[in-house]
Amino acid sequence: MVFPGRLSTGCYVCRRRKVKCDGARPACQRCITQHRQCTGYPDAFAFRQYKTTKDPQPGKAVTRKRAKKAAESDQPTSGATSPSLMEQGETDTRLVPTKSPSRPPSPPAAITPCLEWQSLCYFFHQHVMPTQKSPCEGHLEFLPELYQEKGNDPCLRHAVLSVSYLSLFNTARVNELYVNARKHYGIALKSLTTALNSKETSTQDETFAAALFLSMFIDLGGERQGAVNPHIPGICSLMHLRGRPERSSKYARKLFGWAFTQIQIQAIASNQFPYASLPASIKMAYSPDYVLRSGIITSMISEFCWSVSEFRKTGQNQMPKTRARMLHSLLGRAYFIMEQINIWDEAVPQHWKRQFSVPTMDRGNQAEQAASRDPWTPCFLAVVQAAQVFFLLHVLECSDEFLSVELAIDDDHIESLPAETLTGLDNRIRGLVEAICNTVTYTLGHIMPNGEFQLHPSSKLANGYTLLWPMWVVVNCRLATAEQLTLCRRALECVGSTMGYRLASTLCTEDSPESGINPLDSALMVGSLAAVR
């Protein structure tokens, strides 16, 4: 199929109505003023297939021959049937089956630069999500600049290429992409091992970023033993080695924000609590910003959940009086963490607070509501909310058990717990679950009448990747409604099959409510820690 030329950059509604569009995102001003629902924009990055054209007739212009030769030199691996990336067209993050090539592929040396360029463009387009208003600075917004400055570093270069090739393979299904992904993953592992042997290079930004990209590679390929990512222990060690972000280097704070969304919630959800604990230099930071503060609170949550898991192993055989004292101490810590969460909620910027608002059914205001949001900040907040859901589920179980042994405490010197510690937990959890589901519906997609999950035209792989663990928390939350469970389960299945994140497919089959397994009681932590140590 020959590229038809430059396509309109207006939204779908204005293109259909054949009127000029101002291109404002996420909703154009024309749709807002005319009370129309702006359905988004065609993606600036898409796959297109090319067919070889016939030889030009004698007498054609020489420039046309040169143009034909230039076009043929850019053909991808699989000849006429392989996908090629253009800079105009509609979004296509689905898995596209490819036919057998009609002729043998060209030698790898001739097409590798083309595939490398296409893979990098696709990965940057799907995962780099800049935002202007949010303090969390967007998903991998720093990556283009970091790759331009540090792209010659073997750790970073091969780690980025590995996830780039694998992302494109999950969409295009060209075998050579997978071979290249595995090759660069192996080289990145070797380079990272060499960098970690030096005290100077082990604390560099490119080394830390490479470890995070290799962790993403495991999630993309679904090559995990259960819910355990083998790169999390190393990432945790590097975080402790690097210390407070603002003291380290140019990209330290941005890398910390990315590490928070990538490892902290999944470390808590898979009961790898020590890996979500931050170093003391970060916990004791003076006047931390909102992103750093959210990481500190999540670290507190991790330490609390670890204490609860230890109590379940040792406190069940204790006398009622001893158990009551231990539970009283745990709930006292929980009350302090809840206060910190409340302070953080009240201090967040107004732009963040608008991300919490539930969309109204008023059709005239839907475009205005969409314009007040961005496609990334709700996903970041969903990670924070998922950690809070996990924390409150632990608090709820501790409070229920404490009420059964509370009368065993006969010491008048022990202060009574504040009433708000044990009341309203159910409603608070339900509110957080609803906020996560609203984020899934707004940034990722919705369920069609036939029960299938339909991705939004503007949804990207970064949305699906960041929402993996928040959706898993909802699926395993006993207070979620049937509609919320269905939404998040269908979304996980879609992210795994359509968007290509194999980890999502794995999460759909593990610790499901139907199987009767409570994720709070899973014993993954013991074996994984023993293996690491």
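Taken together, the values in this text are just the output of simple stated rules run on the coordinates, not laboratory data. Being a predicted model, the structure only gives us computed values, none of them experimental. No Cβ is skipped: glycine too gets one built from the backbone with ideal geometry, and neighbour counts run over all protein chains shown.
A few comments on the model shown:
- Residues 472, 376 arranged by fewest to most Cβ contacts within 10 Å: 376, 472
- Neighbour-count ranking [beta-carbon atoms within 10 angstrom, fewest first] of 338, 448, 499: 448, 338, 499
- Across 190/283; 190/460; 254/353; 254/283; 18/353; 199/460, pairs whose alpha-carbon gap is larger than 29 Å: 190/283; 190/460; 18/353; 199/460
- A full extension of the chain between residue 458 and residue 194 corresponds to an added length of 91.0 nm, given 0.36 nm per residue minus the alpha carbon distance.
- Sparse-neighbourhood loop sites, chymotrypsin sites (Phe, Trp or Tyr not before Pro) in segment 248-320 - DSSP loop, at most 13 other Cβ within 10 angstrom: 286
- In plain terms, the chain from residue 406 to residue 509 could stretch by 33.2 nm, reckoned as 0.36 nm per residue minus the Cα-Cα distance.
- Efficiency of FRET from Cβ geometry, residue 223 and residue 336, R₀ 25 Å, rounded to 0.05: 0.05
- Going from the fewest other Cβ atoms within 10 Å to the most, the residues 114, 14 appear in the order 114, 14.
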